[in-house]
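Read the structure below first, then the notes.
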Amino acid sequence: MDDKHRNVIKKNISKLVQYTNFKDLLKTCQEERLLSQQMVENLYLDSKNLYEFGRSPTLEEILHQKLFEKIIHRGPEAFQKLIKILRYLDNVRALQILESEEEFCCLREKNVRCFSERSRSPTENPIQQIPISVPVQTPDIPNSLRSKVDENARPILEEYSGPVSPKQKYEVKKADRIHTNELIDTYKMESKENRGVLFIANFINTQTGYRNGAINDSYALIYVFKQLGFKIFVTTDSSQKEFFDLLEQLLKSDYTRKTECFILALMSHGELNSKDKERIEFSDGSVIKVEEIRDRFSNKRCPNLVGKPKVLIFPFCRGYTSDSGVQGKLETDSISSKDNLIPTMSDILICYATNPGSESHRDPDTGSWYIQELCKNIAQHAHDTHFEDIIQIVQAQVGSYRAETIKMQMGNSHNIGFNYKLFFNPGYPID
């Protein structure tokens, strides 16, 4: 357990004792192997000795406090296991105490504002603390954001037709023409009925924890891409099997056969495994390597999208390192085919919210830094700016954010044969 987590438990032990039930907590800690049987026996022995010396009114109170002191000295995964246990036991107030340290408050360098886990609007004082006694509100996920299933419990593919209510409504500027480029060809983006397909997969409730603010990312994306003329499909908190079932249906459908562009926005918790492979978590607790999702879009496995722009938006963490920045200046250095063969992977642009190995930050009220900046800048610039330039603007904007702990992040993109300019040309169809 790192020092930050250890300290937040230490300074709040009395509150944690107040908001948890000792017997339930001890039993679950044993079941989850956070404490061994020998540790429990030592816990009782140490507490009994303190009780005999009259250092506390009751034995159970000593046991309860000692239990948290034992947890402090467990391994690097102890804090997350404790979070999981408290969530299972529905100890909301205890969760609030611990998770207040996990969420990030969003501060801009030039226009400093603070969003607290429990506040609903910016405050003038970026250091203001909201009283810990206010309970965390975990909103229900509307049925409109969940996948419907058939009589065989298989998810049904259908366009999103539910309400759209983002906290900030980004209005898209309309194009006055179909844009081209003098030096590089452009992807065809001129149809009224088949301009694009957006598939949003948002995993808000996972075994790692509830992703506060994440629901607003779905709404923001829906609001902006509807204005771009995209057909939108949404799944929320699905299992790995349900996600791939829906993705397969979509990639084999007339929607993708006719579309001019495809975008996947996949939002969840991300991590690195022991071999430095990036993985994401589904709501059933399963994980998968990110490259296995990317490979679904190869030209062999996805013939409906050959030659069409495929954008994969991945705003999740790519590791556990917090970017604290550095001092000083940095310097960086900045064929054609003879046959009918096409590359295995092409026309793919992968947009990451952060660098490899680093954390991605999310405001607990308004959503992901990256997704919100993406939606805002598409709305402002898509009428005359190609998508890769918009992504660079997003990266620069996100790079100017600072967490309450003065942490930062820097996004990047990976071009896999994405050789043409992608202009969305909003509101300007030819057909």
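For (1) touching a Cys at 6+ places or on another chain (Cβ under 7 Å); (2) basic (Lys, Arg); (3) under 25 Å from SER253 (Cβ atoms), each residue gets a yes or a no:
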| residue | (1), (2), (3) |
| --- | --- |
| SER144 | no, no, yes |
| TYR160 | no, no, yes |
| THR180 | no, no, no |
| PHE203 | no, no, yes |
| GLY209 | no, no, no |
| LEU221 | yes, no, yes |
| LYS231 | no, yes, yes |
How many residues does segment 166-178 contain that are surrounded by 12 or more Cβ atoms within 10 Å (Cβ to Cβ) and closer than 23 Å to TYR223 by Cβ? 9
Hey, among the residues in segment 9-44 that are touching a helix residue (DSSP H, G or I) at 6+ places or on another chain (Cβ under 6 Å) and hydroxyl-bearing (Ser, Thr, Tyr), which one's farthest from GLN65 (Cα to Cα)? THR28
Do we find that ASN49 is polar (S, T, N, Q) and either at pLDDT 80 or above or not in a helix (DSSP H, G or I) (or both) in this structure? no
Expected output for segment 61-81 (first residue farther than 17 Å from GLN37 by Cα, partner among the aromatic types (Phe, Trp, Tyr) and assigned to a helix (DSSP H, G or I), Cβ below 6 Å, 6+ apart or cross-chain) is ILE62/TYR51
If we keep just the residues of segment 413-431 that are part of a strand (DSSP E or B) and of a type outside the set (Lys, Arg), which is nearest to GLY307 (Cα to Cα)? ILE416
Please state which one of GLU31, GLU60, GLU41, GLU69 is of a type outside the set (Phe, Trp, Tyr), at pLDDT below 85 and under 17 Å from LYS81 (Cα atoms). GLU31
All-but-one check, ALA403 against (1) modelled with pLDDT of 70 or more; (2) surrounded by 19 or more Cβ atoms within 10 Å (Cβ to Cβ); (3) small (Gly, Ala, Ser), failing number (1)
Taking segment 351-397 and keeping residues polar (S, T, N, Q) and within 29 Å of TYR210 (Cα to Cα) leaves THR354, ASN355, SER358, SER360, THR366, SER368, GLN372, ASN377, GLN395, GLN397
So, in segment 212-221, of the ones that are in contact with a Pro (Cβ under 8 Å, 6 or more places away or on another chain) and not aromatic (Phe, Trp, Tyr), which residue ends up farthest from TYR170 (Cα to Cα)? ASN212
Working only within segment 353-367, note down all residues that are surrounded by 24 or more Cβ atoms within 10 Å (Cβ to Cβ) and either modelled with pLDDT of 75 or more or closer than 22 Å to TYR420 by Cα (or both). ALA353, THR354, GLY367
Of the criteria (1) buried (at least 20 other Cβ atoms within 10 Å of the Cβ); (2) modelled with pLDDT of 90 or more; (3) touching a helix residue (DSSP H, G or I) at 6+ places or on another chain (Cβ under 7 Å), which one ARG296 fails: (1)
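The values are calculated or read from the model by the stated rules, or taken from the named source; none is laboratory data. From a predicted model like this one, the values you see are computed outputs, not experimental measurements. In this analysis, Cβ positions are derived from the backbone assuming ideal geometry, glycine residues included, and neighbour counts consider all displayed protein chains.
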